[in-house]
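Heads up, the thing below is written out as structure tokens.
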Amino acid sequence: MTSWRRTALSLGALLLATACTAAPDHDSAATAPSAPAEEPAESPSPPLVVRSLTSAEVQYGWWNWAAGSTADRSPVLDRSGRWCAEGQHENIWYLAGTTGGGAVERTCTVPLGLPVLFPLVTRFGEASDCETFMDTAEGSATLDGAPLAAEPLGATRIKLRRAPDSPFGDSAAHIENTWSCGLWVRMDPPAPGLHELTVRGQASEPGITVEVDYHLRVAAPVPTGAV
């Protein structure tokens with residue numbers, strides 16, 4: 001037998017033996033542990049949405065929500081919480097303070113899973129107005145007796161769109177180059193159930209005092225058309 005033929009036969013036998021050794025039977029294939037699946041990337045949770053907002057996004061979002069309702073349906077002028085859900089956004093639940101005028105007690109239902117955002121005290125105007133305002137602004141908030149962190153946000157340029165007859169001045173629909181500032185609270189989604197939220201704020205330039213007690217009910221939204 002020629003040498004090239006012996007080499008070919010030896011190589012073929014080697015490949016056949018390797019294939020027979022590597023191929024598992026059906027029973028061993030069924031019981032062999034599968035390779036661990038790759039961990040899916042985590043989606044940002046709702047708290048990250050509100051905590052990652054810039055000063056402009058915080059103040060633009062809240063002010064345009066608060067000024068987007070007419071005075072007769074305004075969450076800011078509301079004394080009972082009746083208009084708490086007016087004009088709310090999809091990913092953040094805003095709460096209103098007051099324009100002064102004494103303490104207010106409101107009852108409000110907050111959708112389960114939404115972070116909450118509100119000011120202790122805030123204003124809009126010129127950048128110089130904010131400098132004076134922030135020098136005297138102070139306040140606090142508690143949820144079920146536990147203090148919440150307040151965050152000062154200084155003069156920030158926003159575009160404020162106001163509804164006709166909004167609680168914030170004349171009926172102009174668009175205001176350019178407005179500045180906003182204040183003390184703000186970003187709150188993680190509250191646990192389901194009933195909660196007591198207190199909001200206190202004040203400033204002397206201009207003089208304003210905010211006192212709101214919220215009775216919050218956190219629950220899953222009722223589907224449209226449900227009885």
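The values are calculated or read from the model by the stated rules, or taken from the named source; none is laboratory data. Just so you know, these numbers come straight off a predicted model, no measurement behind them. Positions of Cβ are generated from backbone atoms using ideal geometry, with glycine treated the same way; all protein chains shown enter the neighbour counts. Only protein heavy atoms, including side chains, enter the accessible area calculation; ligands, DNA and RNA are left aside. Shrake-Rupley method; radii C 1.70, N 1.55, O 1.52, S 1.80 Å.
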Quick check: anything in segment 85-103 open to solvent by 30 Å² or more (accessible area, probe 1.4 Å), under 22 Å from Ser166 (Cα atoms) and of a type in the set (Ser, Thr, Tyr)? yes
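Per-residue answers, yes or no, for (1) within 24 Å of His215 (Cβ to Cβ); (2) in contact with a strand residue (DSSP E or B) (Cβ under 6 Å, 6 or more places away or on another chain); (3) at pLDDT 95 or above; (4) of a type in the set (S, T, N, Q):
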position	(1), (2), (3), (4)
Val104	yes, yes, yes, no
Thr132	no, no, no, yes
Ala141	yes, yes, yes, no
Pro164	no, no, no, no
Could you give me the residue pairs with C-beta distances under 8 Å whose first residue belongs to segment 78-91 and is under 14 Å from His215 (Cα atoms) and polar (S, T, N, Q), whose second residue is at pLDDT 95 or above and open to solvent by 50 Å² or more (accessible area, probe 1.4 Å) wherever it lies, and which are 6+ apart or on separate chains? Ser80/Glu105; Ser80/Thr107
Could you tell me whether any residue of segment 128-143 is of a type in the set (S, T, N, Q), closer than 20 Å to Pro75 by Cβ and part of a strand (DSSP E or B)? no
